[in-house]
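J.: One structure follows; several queries about it will come next.
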Amino acid sequence: MKRNVKRNMSPSSSCNNEQPLMNPKSKNKKRQPASAEPLPRTSIFRGVTRHRLTRRYEAHLWDKESWNQNRKKKGKQIYLGAYDEEEAAAHTYDLAALKYWGPETTLNFQPEMYKIEMEEMQKMSKEEYLAVLRRNSSGFSRGVSKFRGVAR
């Protein structure tokens, strides 16, 4: 059984010079170098990204002072929570940045907005305050313990 294949029969083309059509989803595509074009930002706020699958906003903090034992490198990314609103994630990043680096750090909003929270955060350690911030996120399962999978 023969297939009917349309061929370009212009005078300049010949049967010997025909090139096969490329499949647009072929695995042999040439990739652009990573530095060719920067990826678009998913948020206008510092420390906030948009999750690809859930389309919710996540707040992250990069702690350059800690040592990552698994990768043998300095610094680690700290997850602060998932939020439905972009501004809520930006506020969480600001609060965590104030706890880690103090009022001199670059924030998304004015530092005067956080006077009450700054008084509360002085009473807690970094880990305790991060647990409070994560607990307040809309993506947090409401458990009592700070440990994963423990309800009481």
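The values are calculated or read from the model by the stated rules, or taken from the named source; none is laboratory data. All values reported here derive from a predicted model rather than from experimental measurement. Glycine gets a Cβ as well: all are built from the backbone with ideal geometry, and neighbour counts include every protein chain shown.
J.: Could you please find all residues in the range 81-129 being among the β-branched types (V, I, T) and more than 12 Å from V48 (Cβ to Cβ)?
T.: T105, T106, I116
J.: Still on this structure: Return the residues of the range 122-132 that are more than 19 Å from S66 (Cβ to Cβ) and in a helix (DSSP H, G or I); say none if nothing qualifies.
T.: The answer is V132, and nothing else.
J.: Among the residues of the range 96-118, write down those that are of a type in the set (A, V, I, L, M) and assigned to a loop (DSSP other than H, G, I, E, B).
T.: The answer is L107, and nothing else.
J.: Still on this structure, I have one more. Mind checking which residues of the range 72-129 are loosely packed, with under 10 Cβ neighbours inside 10 Å and of a type in the set (V, I, T)?
T.: Correct list: T106, I116.
J.: Taking interchain pairs and intrachain pairs at least six residues apart, which have beta carbon atoms under 9 angstrom, with the first residue in the range 45-57 and under 18 Å from A96 (Cβ atoms) and touching a residue at least 24 places away in the same chain (Cβ under 8 Å) and the second part of a loop (DSSP other than H, G, I, E, B) and acidic (D, E)?
T.: Listed pairs, sorted by first residue: R56/D84; Y57/D84; Y57/E85.
J.: Let me ask another. Can you work out which of the residues in the range 40-50 that are modelled with pLDDT of 85 or more and not polar (S, T, N, Q) is surrounded by the most Cβ atoms within 10 Å (Cβ to Cβ)?
T.: So, considering only residues that are modelled with pLDDT of 85 or more and not polar (S, T, N, Q), the one surrounded by the most Cβ atoms within 10 Å (Cβ to Cβ) is V48.
J.: Still on this structure, I have one more. Only one of (1) modelled with pLDDT of 85 or more; (2) part of a strand (DSSP E or B); (3) of a type in the set (A, V, I, L, M, F, W, C) is not met by A89, so which one is it?
T.: (2)
J.: From A59, A82, which residue is more than 19 Å from K126 (Cβ to Cβ), within 12 Å of the chain's Cα centre (by Cα) and part of a strand (DSSP E or B)?
T.: The conditions single out A82.
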